[in-house]
1. Provide the gained length on full extension for the span residue 9 to residue 255, in nm with one decimal, where the gain is 0.36 nm per separating residue minus the Cα-Cα distance.
2. From the phi of every residue in the stretch 272-280, what ³J(HN,Hα) in whole Hz does the Karplus formula 6.51 cos²θ - 1.76 cosθ + 1.60 yield, where θ is phi - 60° and glycine or proline is x?
3. Can you find, among 298, 119, 68, the residue farthest towards the positive end of the dipole of the chain? Put +1 on the C-beta of Lys and Arg, -1 on that of Asp and Glu.
4. Pull up all non-local amide H partners of residue 43: gap of 5 or more, or a different chain, and H-to-H distance under 5 Å with H placed in the peptide plane.
5. Using the Cα centre as the reference, give the magnitude of the dipole from point charges on the C-beta atoms of the chain (Lys, Arg: +1; Asp, Glu: -1; all else neutral), rounded to the nearest 20 debye.
6. Just subtract the alpha-carbon distance of residue 247 and residue 147 from 0.36 nm times their residue separation and send over the number in nm, one decimal.
7. With 20 Å as the cut-off, how large is the P(r) tail for the stretch 236-312, expressed as percent of Cα-Cα pairs?
8. Using the alpha carbons of the stretch 113-190, what is the convex hull volume per residue in cubic angstrom, as a whole number?
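What follows draws every value from the coordinates through simple rules; no lab data is involved. Since the structure is predicted, the reported quantities are computational estimates derived from the model, not experimental observations. As a convention, Cβ positions derive from the backbone with ideal geometry for all residues, glycine included, and neighbour counts pool all protein chains shown.
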Amino acid sequence: MTHDRHHKDRFKLGTRRSPLAMAQAHEAQRRLAEAHGIDLAHIEIVAVTASGDRIQDRALAEIGGKALWTRELDAWLASGDIDFAVHSAKDVETIRPEAFEIGAILPREDVRDVLVGAASIAALPQGAVVGTSAPRRAAQLLHARPDCRVVTFRGNVATRLAKLAAGEADATFLALAGLNRLGESGTGHPLDAEDWLPAPAQAAIMIECRANDHETRAFLSRIDHAESRAQVMAERALLAGLGGNCHSPIAVLTRSEEGMLVMQAALYSPDGAEHVRGEARFTAGDMQGPLDLAADLLARAVPTITVHFAGAG
């Protein structure tokens, strides 16, 4: 055990190996070094190949869901091999081990989705084939354009763009935040977030550490961004209230307005035929607001939607 008077001078940052995960790890490393006035070398990046990156041929929901992104890093964090793990917040399951704590949420990037292959959803050709493995994107697309057909697209940004270039689909979706972090912001056409709601916690980087590691918690707290944390925690509370999982098509947009959060959320049937939409205003940090919105959405949703949410039970 480190005593408070023997401060750690080196911290181990755990990350997945994908190009985007590495870009996020470097962003976290840079922000920490700047906040503490220390050299980058004091924060060592330790990379793991996650199961989700190894298994490319099946939809995530079929092979174990979001845990595929966190499993290896969780084991390293629990054993003390790393001091903290850097994740895409939207990939982290809603219910997390008690031993872990969210040490920081970094300033949230642009939350919008980007359409690659057409200038807008309306501009997609009749009967277009669209590649995506996200139930939310598939349902929103089919809701707006029931004439289109969805095919499963897995893999990192480069893989998906290569599949598109090879003609496996006419169009696909990417998160603008990821493109910005990879320095590829010129790719595709951003979709209006009010019309095309993003994924819960999209565009946010989450850093987890051990709950009992007070030194690391203090170290990370310097780069915690209050407004982004309030939004992400509210969106995670909405997910918890819905009992959603990676099969559940759910979309949400949260805006910060003078200490209040304005949350718009929508649930879809997987085929996009049915949807229910709602909005709520609540104080930042109030977790009851999102839970009430979840209850309201489930109360108004038809069975073809609620069957995909455990919270309906």
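1. Details: separation 246, 0.36 × 246 = 88.56 nm, distance 3.78 nm.
Roughly 84.8 nm would be gained on extension.
2. Going residue by residue, I get x, 5, 10, 8, 9, 10, x, 9, 9 Hz, with x marking Gly and Pro.
3. Projecting each Cα onto the dipole axis, the largest value belongs to 68.
4. Those lying under 5 Å, H to H, from residue 43 are 11.
5. Values: 33 positive and 41 negative charges, 104 e Å.
It works out to roughly 500 debye.
6. Numbers: separation 100, 0.36 × 100 = 36.00 nm, distance 2.19 nm.
Extending this stretch completely gives an extra 33.8 nm.
7. Here the long-distance tail beyond 20 Å is 25 percent of all Cα pairs in the stretch 236-312.
8. 78 Å³
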